[in-house]
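The values are calculated or read from the model by the stated rules, or taken from the named source; none is laboratory data. Predicted, not measured: the structure shown is a model, and the values here were computed from it. Glycine gets a Cβ as well: all are built from the backbone with ideal geometry, and neighbour counts include every protein chain shown. Accessible surface areas use protein heavy atoms only, side chains included; no ligands, DNA or RNA. Shrake-Rupley method; radii C 1.70, N 1.55, O 1.52, S 1.80 Å.
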Amino acid sequence: MEEWTEEQLDEKLNKDERTVIFFHTPLCGTCQLVKKMLTVVEAIIPDLTIGMSNLNYMPAKASLLEIESVPCLIEYGNGEVKQKLYAFHSVEYVMERLS
């Protein structure tokens, strides 16, 4: 996973393709655990790309996307939020939700 700036994120969201974004904050311990899980998911699903964005630098995005807390994984496509995940039970659970 690579860290996306707000400009990179805007560019991805303005396309009509599926975009998966992991919103985190650096000091969040749960975020660090989820980041490891998502790295595994991304390796197992070869056509899936997950971008990361530090929510501390994007308060407007938090409001726009109605993000309630971190960690938050958002699947976005065709100009709308398809799903949000706040609970990451297991790698298998996340894979099911993203497949």
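Table for the structure above
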| quantity | calculated |
| --- | --- |
| Selection from the stretch 67-81 of residues that are surrounded by fewer than 18 Cβ atoms within 10 Å (Cβ to Cβ) and either of a type in the set (F, W, Y) or without any contact (Cβ under 8 Å) to a residue 40 or more places away in the chain (or both) | E68, S69, E80, V81 |
| Every residue from the stretch 82-99 that is surrounded by 11 or more Cβ atoms within 10 Å (Cβ to Cβ) and of a type in the set (A, V, I, L, M, F, W, C) | L85, F88, V91, V94, M95, L98 |
| Complete set of residues in the stretch 13-25 that are open to solvent by 60 Å² or more (accessible area, probe 1.4 Å) and within 14 Å of the chain's Cα centre (by Cα) | R18 |
| L64 crowded, with 19+ Cβ neighbours inside 10 Å and over 16 Å from V91 (Cβ atoms) | no |
| Which numbered condition V41 misses (of (1) open to solvent by 80 Å² or more (accessible area, probe 1.4 Å); (2) in contact with a helix residue (DSSP H, G or I) (Cβ under 9 Å, 6 or more places away or on another chain)) | (1) |
